[in-house]
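The structure under discussion appears below in the form of structure tokens.
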Amino acid sequence: HDYHLWRNRGGIVQESLRGMAAMTTHIDSRIGMLLGTLRERQVLANTWIIFIADHGDALFDHDLMAKGDMLAGSVAIPYLICPAETFMERCLPGRAGSENTVTPAGLQDIMPTILDICGVEIPENVTGQSLLGHFTGERPTFREITCGNVGLIYGATDASHKYCWNGATGHELLFDLANDPKDCHDLAGDPGHETIKRRLRSALAGWMARHGDPHAVGGELRRISPEPQPDRGHRANHWNNRGWR
């Protein structure tokens, strides 16, 4: 949260970027050891692998750091699923290669996917959906729009566009994900994108209302300014990119 104090000190920025690259290299190395052990024990072919992260890091994009918004740096995380070879041989013999999907999947889909793989009934109150059908060739009907929030920052995406809304200020953002994957060009004020903005805003308001969020009333978004906090309390309770202990 003190980036404004040292944003022009390029050495610190470069050190941070090198640290992130080093951690990524370390993770790659550990994954290699894990897969190698599974292979040595002859269980890799019967193992599903799901590689995810709970959030990203802005890494100084948009003059921001850490997480806490719905921009690409925070929410565009790895979501890779490698099915077990034995499963694919039973389900779709002869199928090879990989497949990308534009389905706006989220972290809420991990648990129902694992339950479905294991043949366990998915509870009705689970908000996510299983992705298993994408591996069996069933092409299941999936939700068209995925919504989420980080505190008072909300977002909704249909995989082609992303709508962001600030619950404290009411400020809106809209991005074309296909042509602007880094979220650099806000289209919220463009009349040509008014229809898609209204569609995503409506979906977000409906999602919020179903979860009892007071920022959604009568199908409309309502901004609510947060109560002021003493500076000490704010520092003690507001999470940041490194976490509080």
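The values are calculated or read from the model by the stated rules, or taken from the named source; none is laboratory data. Every value quoted in this text rests on a predicted model; they were computed, and no experiment measured them. Every residue, glycine among them, receives a Cβ derived from its backbone with ideal geometry; neighbour counts consider all protein chains shown. All accessible areas refer to the heavy atoms of the entire protein, side chains included, with ligands and DNA or RNA removed. Shrake-Rupley method; radii C 1.70, N 1.55, O 1.52, S 1.80 Å.
For the reader, a short list of remarks on this structure follows.
- Normalising the average separation of contacting C-alpha pairs (under 8 angstrom, six or more residues apart) by the number of residues puts the relative contact order of the chain at 13 percent.
- The residues of the chain expose, per residue, 65 Å² of accessible area to a 1.4 Å probe.
- Whichever lysines have a C-alpha closer than 20 Å to that of Lys197, once near sequence neighbours (fewer than 8 apart) are set aside: Lys162, Lys182
- Part-to-part distance (alpha-carbon centres) for region 144-194 and region 1-59, which is given in Å: 27
- Residue-averaged [θ]222 nm for the chain, counting only DSSP H segments that reach four residues, each worth -39500 (n - 2.57): -10000 deg cm²/dmol
- For region 20-94, diffusion coefficient by Stokes-Einstein and Kirkwood Rh (Cα), 25 °C, 0.890 mPa s, µm²/s: 166
- At q = 0.15 Å⁻¹, base-10 log of I(q)/I(0) for the chain (Debye sum, equal scatterers on each alpha carbon): -1.28
- For the chain, the carbon plus sulfur part of the accessible surface works out to 54%, probe radius 1.4 Å.
- Label point distance in nm, Val13-Thr86, each placed 7 Å from Cα along Cα→Cβ: 5.2
- Pairs of Cα atoms in region 9-62 fall into 5 Å distance bins, from 0 up to the last occupied one, in shares of 4, 15, 17, 18, 14, 10, 9, 6, 4, 2, 0 percent.
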